Amino acid sequence: MVMDMPSQSTFSARGAVAGGKATKISARGVNVYYGEKQALKEVNVEIPDKGVMAFIGPSGCGKSTFLRCINRMNDTIASCRVAGRIEIEGQDIYDSKLDVVQLRARVGMVFQKPNPFPKSVFENVAYGPRIHGLAKSKTDLEGIVIASLRYAGLFEEVKDRLQDSGTSLSGGQQQRLCIARAIAVQPEIILMDEPCSALDPIATAKIEELMEELTESYTIVIVTHSMQQAARVSQRTAFFHLGSLVEEGPTEVIFNKPQDKRTQDYITGRFG
Amino acid sequence: MTDIALSQPRSGLRRVDVTSDAAGARVRRRYRAEARFRAYGIVALVVTAVFLTVLIADVLTKGLPAFIQHSLVLNVPVPADLVDPQKRNDPVEIRSADYFPVTRDALKAAIPGIEGRTAERTLARVLSTGAADALRDRLVADPNLIGGTVKVPLLLSASADLYLKGVGTSIVSRPVRGLATPSGTSGEITVLTSANDFADELVAIKRALADRAHKLTAEADRLQRFASAAVAARVNELRAEAAELRKRYDNPKIEEELDGRLPSLLVAINGGLVKITKLSDIGITGEVLLPLSSTKPNEWRIVTYTTPEGNRKVGDQETAFLERFKELGAVDRHFNWLFFRAGDSREPELAGIRGALVGTALTLLVTLLLCVPIGVLAAVYLEEFATKNRLTDLIEININNLAAVPSIVFGLLGLAVFLNFFGLPRSAPLVGGLVLGLLVLPTIIIAARAALKAVPPSIKEAALGVGASHQQAVFHHVLPLAMPGIMTGTIIGMAHALGETAPLLMIGMMAFIVDVPKSLTEAATVLPVQIYLWSDLPEVAFQAKTAATIIVLLLFLFVMNGLAIWLRRRFERRW
């Protein structure tokens, strides 16, 4: 399946330093303000290459805000201000010389609510490759679309409906279509903002299965409210509380032997 | 413990007692208030429906007759020496020939035996001044017809047309007992009867005289109360007239003279028609309207045109001619295509809305081409790209203000800027379109901004998420999704522009323009202005045209609004 993906080999080579333990994203002293209100306080975190990093924490703790800093999606909010340093492979993504559009081509995103374009399934996936000039020809583009849909485990379900509207699919299918759309431009990192919160358990299981496969080639950062989900899919987990990153570490450690009292309280269900 | 908690809530809190009388009263009051509100709504709807029905019924009854027109289908002999003496078959010459004698002769041939200049002139006036247009077109198309006889519809004049639509008089015809003997076949003749057949008419006339005398006296009494010198003379006049009438009424034997203030009486005998001028119980003196075939005694009828001649546009002579043409089967009733083919005219029967329709189309075209690109791009910029600061706030407020500026102000602006400063031509669709563009632009910007705002941000985020630039996200995804809303707003704005009159008056689009405009800079008028112009004219026929034009304009508006609704339904999306 992985073989179908174009430019897969160059990709794997880049991230394979130190057997997947290399740091992909590093954040130092990140503060985020919405107008006067501070949403994130001094967040420091290292996200390793490949694998799944989960952000957990109660509502309004700033985990989604931090996620949206990684592909600079917060730029679209006029009142939002980001201070500190976030690097991807050592490159500062808030560098004024860096083109935000190219950054977002490297850092894909899947949103909480499935948001396919109200266009055909094919067009949904083809849009990214088309604007980035990835396809040389029409057949090339079709190849990319089919490979992406297959990778997202959706192709068999929609192969006869490629011209149907993306919004006509079921919720779970729509979310996998959004994942296919994200991987069609071959990002290095995929950010997922509560991708399963609008889905039923069966659709959720499919997405989680898919995430497991995606870890072979991508670094995934997921925000989730479900601690079971975090425990199932992630290798590392970070716990946010009131705008601060309280604790970060391997998932087993966070869930079994948390260092901080607040983490302990949260995962045992005392608050949140 | 829970039981205690349920039955005895914490102090300070109370549970609603649904069984109490007060609660029952509250429920009833709530139902009554709701029923009252519903009733207000229904009453408002009914009142609106009644007014709308009355309005539409009024416009339709006034306007629909204008879509029907009458022509005389006659066999018209076309003498070559009148139309094309050199026999060159030159279309220009055929077109410019004088067809008046040709049509006049055809009319005379249809009703033979007409004598006297007045009668002849009345006969010729039955036709429109543009009556020969159809004949002319036929001859230009086929010059071989010259020299022969062509069966062609000749357009009737507006008054004849109105008469045939029933705006004339009712005609009562009744048979009589005796035989009558006319003294001649044309000119002024006397007709004597063998029985006193005119007695009933004489009585009726006497009664009408008495009625009028009564009315005159009442009027004199009313005026006398003002008691001024000027009025006194008039009072005396009225009293003298009333006394005269009463004298005629009181003397049953005397011969009665008929005038235009009494219903017209006519005698139909030997295929002719005689208008009675003097009436006694056994005989009449009268004027021949339609010539008699002979003077031999024959059976006859009394015909009454119940509306007095003085109260009609179509006189007795013309009525007689038109009734004769009807009997001959020469009157053709057809759809008024000319109304949609012709430009404006001083003659109601020749006036059409083609000029106004084309002028409207050209004007709206300019408005559309100006407003849609500027309006949509302005909305996209303001909604998606402009930084929010005091300046953009000010612009936004002023766009909203502009939408509420009275339209005449835009007309003045157009006059000052487009005509006086830029020197663009007066009355031109170009200027009209520019002015209406100013008027509609704020509406379109507001509608387009609302439509852009209604597109869920998740779509834009999705596009940004796969690496689309802001502009790509807006133009590839947000704008297409906002398009149905923008189209709806645009169509409603254009419908507003379609009905706009005041600003166009300011830039001179109210001139009398006969030619259909062919370019954006030629003088033109538009439908609402045409309505305004025609509504000002005194001719009855133009009143019908006014209503007919209103119908056309309303149809346009309905179609445009229908299109807007259809677009909204067709492309509406739910997320």
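The values are calculated or read from the model by the stated rules, or taken from the named source; none is laboratory data. Please read all numbers here as calculations on a predicted model, not as lab measurements. Reconstructed Cβ throughout: ideal geometry from the backbone, glycine too, with neighbour counts over all protein chains shown.
Could you say which residue among A:GLU208, A:GLU212 is away from chain B (no Cβ under 14 Å), surrounded by 16 or more Cβ atoms within 10 Å (Cβ to Cβ), within 22 Å of A:GLY108 (Cα to Cα) and of a type outside the set (A, V, I, L, M, F, W, C)? Break it down into steps so the answer makes sense when it comes.
Working: A:GLU212 fails: surrounded by 16 or more Cβ atoms within 10 Å (Cβ to Cβ).
A:GLU208 is the lone residue from the list that is away from chain B (no Cβ under 14 Å), surrounded by 16 or more Cβ atoms within 10 Å (Cβ to Cβ), within 22 Å of A:GLY108 (Cα to Cα) and of a type outside the set (A, V, I, L, M, F, W, C).
Could you give me the residue pairs with C-beta distances under 8 Å whose first residue belongs to the stretch B:443-467 and is within 14 Å of chain A (Cβ to nearest Cβ), whose second residue is of a type in the set (Lys, Arg) wherever it lies, and which are 6+ apart or on separate chains?
Every condition considered, the pairs that remain are B:SER458/A:LYS113; B:ALA462/A:ARG181; B:LEU464/A:ARG104; B:GLY465/A:ARG104; B:VAL466/A:ARG104; B:VAL466/A:ARG181; B:GLY467/A:ARG104.
If I go through the stretch A:103-133 residue by residue, how many of them are facing chain B (nearest Cβ under 7 Å) and either outside any strand (DSSP E or B) or modelled with pLDDT under 90 (or both)?
Pass one, the stretch A:103-133, residues facing chain B (nearest Cβ under 7 Å): A:104-105, A:108-109, A:111, A:113, A:115, A:117-118, A:127-128, A:131-132.
Then keep just the ones that are either outside any strand (DSSP E or B) or modelled with pLDDT under 90 (or both); that gives A:104-105, A:111, A:113, A:115, A:117-118, A:127-128, A:131-132.
The total comes to 11.
Checking B:LEU55 against (1) within 48 Å of the chain's Cα centre (by Cα); (2) over 28 Å from B:THR549 (Cα atoms): exactly one of these is not met. Which one?
B:LEU55 satisfies every listed condition except (2).
Consider B:GLN471 against the criteria (1) more than 14 Å from chain A (Cβ to nearest Cβ); (2) at negative phi: it satisfies all of them except one. Which criterion is unmet?
The one condition B:GLN471 does not meet is (1).
Considering every residue within the stretch B:314-321, establish whether at least one is of a type in the set (A, V, I, L, M), assigned to a strand (DSSP E or B), buried (at least 20 other Cβ atoms within 10 Å of the Cβ) and touching a residue at least 60 places away in the same chain (Cβ under 8 Å).
At the first step, the residues of the stretch B:314-321 found to be of a type in the set (A, V, I, L, M) are B:314, B:320.
Subset that is assigned to a strand (DSSP E or B): none.
Checked the stretch B:314-321: no residue is of a type in the set (A, V, I, L, M), assigned to a strand (DSSP E or B), buried (at least 20 other Cβ atoms within 10 Å of the Cβ) and touching a residue at least 60 places away in the same chain (Cβ under 8 Å).
Are there any pairs with C-beta distances below 8 angstrom linking a residue in the stretch A:129-144 that is closer than 13 Å to A:GLN186 by Cα and in contact (Cβ under 8 Å) with a residue 40 or more places away in the chain to a residue that is surrounded by 10 or more Cβ atoms within 10 Å (Cβ to Cβ) and β-branched (Val, Ile, Thr), with the two at least 6 apart or on different chains, and if so which?
Final answer for the pair search is A:PRO129/A:ILE144; A:PRO129/A:VAL145; A:PRO129/A:VAL185; A:HIS132/A:VAL185; A:LEU134/A:ILE144; A:LEU134/A:VAL185; A:ILE144/A:VAL125.
Can you find even one residue in the stretch A:60-68 that is more than 10 Å from chain B (Cβ to nearest Cβ), hydroxyl-bearing (Ser, Thr, Tyr) and over 19 Å from the mean Cα position of the chain (by Cα)? Full working, then the answer.
Keep residues of the stretch A:60-68 that are more than 10 Å from chain B (Cβ to nearest Cβ), which gives A:60-67.
Filter once more, keeping what is hydroxyl-bearing (Ser, Thr, Tyr): A:64-65.
From what's left, over 19 Å from the mean Cα position of the chain (by Cα): none.
The answer is no, given that none of the residues of the stretch A:60-68 is more than 10 Å from chain B (Cβ to nearest Cβ), hydroxyl-bearing (Ser, Thr, Tyr) and over 19 Å from the mean Cα position of the chain (by Cα).
Can you name the residue in the stretch A:125-156 that is crowded, with 16+ Cβ neighbours inside 10 Å and among the charged types (D, E, K, R) and, of all such residues, is farthest from the chain's Cα centre (by Cα)?
A:ARG130
Given the options B:LEU402, B:LEU350, B:LEU391, name the one that is surrounded by fewer than 20 Cβ atoms within 10 Å (Cβ to Cβ) and closer than 29 Å to B:ALA511 by Cβ.
Details: B:LEU350 fails: surrounded by fewer than 20 Cβ atoms within 10 Å (Cβ to Cβ); B:LEU391 fails: closer than 29 Å to B:ALA511 by Cβ.
When all the criteria are applied, what remains is B:LEU402.
Take the residues in the stretch B:255-275 that are over 20 Å from B:GLY113 (Cβ atoms) and in contact with a Ser or Thr (Cβ under 8 Å, 6 or more places away or on another chain); name whichever of them is surrounded by the most Cβ atoms within 10 Å (Cβ to Cβ). Write out each step before concluding.
So in the stretch B:255-275, the residues over 20 Å from B:GLY113 (Cβ atoms) come out as B:255-265.
Filter once more, so that each one left must be in contact with a Ser or Thr (Cβ under 8 Å, 6 or more places away or on another chain): B:255-258, B:263-265.
Working: B:GLU255: 14, B:GLU256: 23, B:GLU257: 13, B:LEU258: 20, B:PRO263: 19, B:SER264: 25, B:LEU265: 23.
Top of the filtered list is B:SER264.
Inspect all residues belonging to the stretch B:302-313 and state whether any of them is surrounded by 13 or more Cβ atoms within 10 Å (Cβ to Cβ), of a type outside the set (Lys, Arg) and in a loop (DSSP other than H, G, I, E, B). Walk me through how you get there before you give the answer.
We begin by selecting, within the stretch B:302-313, every residue surrounded by 13 or more Cβ atoms within 10 Å (Cβ to Cβ); these are B:302-305, B:307-309, B:312-313.
Filter once more, keeping what is of a type outside the set (Lys, Arg): B:302-305, B:307-309.
Then drop every residue that is not in a loop (DSSP other than H, G, I, E, B), which leaves B:307-308.
Yes, the stretch B:302-313 contains at least one residue that is surrounded by 13 or more Cβ atoms within 10 Å (Cβ to Cβ), of a type outside the set (Lys, Arg) and in a loop (DSSP other than H, G, I, E, B).
Just one of B:THR525, B:THR501, B:THR521 is farther than 30 Å from A:VAL107 by Cβ, buried (at least 23 other Cβ atoms within 10 Å of the Cβ), away from chain A (no Cβ under 14 Å) and under 34 Å from the mean Cα position of the chain (by Cα); which is it?
Being farther than 30 Å from A:VAL107 by Cβ, buried (at least 23 other Cβ atoms within 10 Å of the Cβ), away from chain A (no Cβ under 14 Å) and under 34 Å from the mean Cα position of the chain (by Cα) holds for just one of B:THR525, B:THR501, B:THR521, which is B:THR525.
Per-residue answers, yes or no, for (1) assigned to a helix (DSSP H, G or I); (2) touching a residue at least 12 places away in the same chain (Cβ under 8 Å):
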position: B:VAL140; (1), (2): yes, yes
position: B:LEU154; (1), (2): no, yes
position: B:ARG177; (1), (2): no, yes
position: B:VAL203; (1), (2): yes, no
position: B:ASP221; (1), (2): yes, no
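Condition first: in a helix (DSSP H, G or I) and either surrounded by 12 or more Cβ atoms within 10 Å (Cβ to Cβ) or among the β-branched types (Val, Ile, Thr) (or both). Can you find one or more residues in the stretch B:71-81 that meet it? Steps first, answer last, please.
Initial filter on the stretch B:71-81 (in a helix (DSSP H, G or I)): B:80-81.
Next, only the ones that are either surrounded by 12 or more Cβ atoms within 10 Å (Cβ to Cβ) or among the β-branched types (Val, Ile, Thr) (or both) stay: B:80.
Yes, the conditions are met somewhere in the stretch B:71-81.
Within the stretch A:1-58, take every residue that is in a loop (DSSP other than H, G, I, E, B) and in contact with a helix residue (DSSP H, G or I) (Cβ under 8 Å, 6 or more places away or on another chain) and give me the one that is modelled with the lowest pLDDT. First the steps, then the outcome.
In the first step, residues of the stretch A:1-58 are kept if they are in a loop (DSSP other than H, G, I, E, B); the result is A:1, A:5-7, A:16, A:21-22, A:35-36, A:49-50, A:57-58.
Applying the additional criterion that residues be in contact with a helix residue (DSSP H, G or I) (Cβ under 8 Å, 6 or more places away or on another chain) yields A:1, A:5-6, A:22, A:49-50, A:57-58.
Working: A:MET1: 38, A:MET5: 45, A:PRO6: 44, A:ALA22: 81, A:ASP49: 89, A:LYS50: 87, A:GLY57: 90, A:PRO58: 89.
Of everything passing the filter in the stretch A:1-58, A:MET1 is modelled with the lowest pLDDT.
Is it the case that A:ARG150 is touching a residue at least 12 places away in the same chain (Cβ under 8 Å) and more than 24 Å from A:GLU42 (Cβ to Cβ)? Outline the logic, then answer.
On the way: touching a residue at least 12 places away in the same chain (Cβ under 8 Å): yes; more than 24 Å from A:GLU42 (Cβ to Cβ): yes.
It is true that A:ARG150 is touching a residue at least 12 places away in the same chain (Cβ under 8 Å) and more than 24 Å from A:GLU42 (Cβ to Cβ).
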